[in-house]
Amino acid sequence: TVESSETCWRVIMSTLQWTGLLLLAAFAGAVVPFQSAINSNLARGLGHPLWATLASLLVSVLVLVPVILALRLPLPSLGFISKAPLWMWAGGAFGVCFVALAVMLLPRLGASGFVALALAGQVIASMLLDHFGLFGLVEKQLTLSRALGALLLIGGVVLIQLGGVFERNVAAVG
């Protein structure tokens, strides 16, 4: 019937939308090691990780402004800007923190080590944000299955970071 085919079409489109969102999220995660590795090289060339952080953020502005202009986005509300709580402006500071620490730590930990540890921190912080519904997020209780999933991810981080040490010790004994 027409009604069942419309329902089927809606399910297909919804699945495609979710698949697209999942792929975009995976892409967002995939660019992190590239950004960090490139910025680490930039830090060596510029002489300090904070210069590379500044350069990276300036390039972000230079890329973002033309995109905003091309999309003809309206200017933000001055009323909102003047009334927004201070915590809403902290995202920029967190961005600086992430970029600067990535530049400093990636050469020492390697790309996989840095990303794995950053992911562990993100998982833990995300679960706390969700559990308490902080910053306007919808509350998602910390359940046993969610905690177990986080522990499995963190276990993977440990294997990624310490796996080489374990394998060398086993080879030395054997």
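In the condition set (1) assigned to a helix (DSSP H, G or I); (2) closer than 29 Å to Trp87 by Cα, Glu139 is compliant with all but (1). Of all residues in region 44-87, those satisfying the criterion of being of a type in the set (Gly, Ala, Ser) and within 21 Å of the chain's Cα centre (by Cα) are Ala52, Ala55, Ser56, Ser60.
Taken as a whole, the condition of being outside any helix (DSSP H, G or I) and farther than 23 Å from Leu119 by Cα does not apply to Pro66. The single residue among Ala55, Ala43 that is in contact with a helix residue (DSSP H, G or I) (Cβ under 8 Å, 6 or more places away or on another chain), of a type in the set (A, V, I, L, M, F, W, C), open to solvent by less than 100 Å² (accessible area, probe 1.4 Å) and touching a residue at least 60 places away in the same chain (Cβ under 8 Å) turns out to be Ala43. For Leu23, the test of being modelled with pLDDT under 95 and not acidic (Asp, Glu) is passed. Report yes if Arg168 is part of a helix (DSSP H, G or I), touching a residue at least 12 places away in the same chain (Cβ under 8 Å) and over 30 Å from Leu50 (Cβ atoms), otherwise no. No, not satisfied. The number of residues in region 11-31 that are open to solvent by less than 100 Å² (accessible area, probe 1.4 Å) and of a type outside the set (Gly, Ala, Ser) comes to 7.
One residue alone among Leu117, Leu109, Leu75 is among the hydrophobic types (A, V, I, L, M, F, W, C), in a helix (DSSP H, G or I) and within 27 Å of Gly136 (Cα to Cα), and that residue is Leu117. Restricting attention to region 63-73 and to residues that are among the β-branched types (Val, Ile, Thr) and open to solvent by less than 80 Å² (accessible area, probe 1.4 Å), the residue that is farthest from Leu109 (Cα to Cα) turns out to be Ile68.
Checking Ser60, Ser82, Ser145 one by one, the residue that is assigned to a helix (DSSP H, G or I), open to solvent by 50 Å² or more (accessible area, probe 1.4 Å) and within 27 Å of Pro33 (Cβ to Cβ) is Ser60 and no other. Within region 33-43, the set of residues being within 16 Å of the chain's Cα centre (by Cα) and more than 12 Å from Leu101 (Cβ to Cβ) comprises Pro33, Phe34, Gln35, Ala37.
The values are calculated or read from the model by the stated rules, or taken from the named source; none is laboratory data. Everything numeric in this text was worked out from a predicted model, so none of it was measured. Cβ sites come from the backbone with ideal geometry, for glycine too, and all protein chains shown count toward neighbours. Each accessible area value is taken on the protein alone, full model and side chains, heavy atoms only, with ligands, DNA and RNA left out. Shrake-Rupley method; radii C 1.70, N 1.55, O 1.52, S 1.80 Å.
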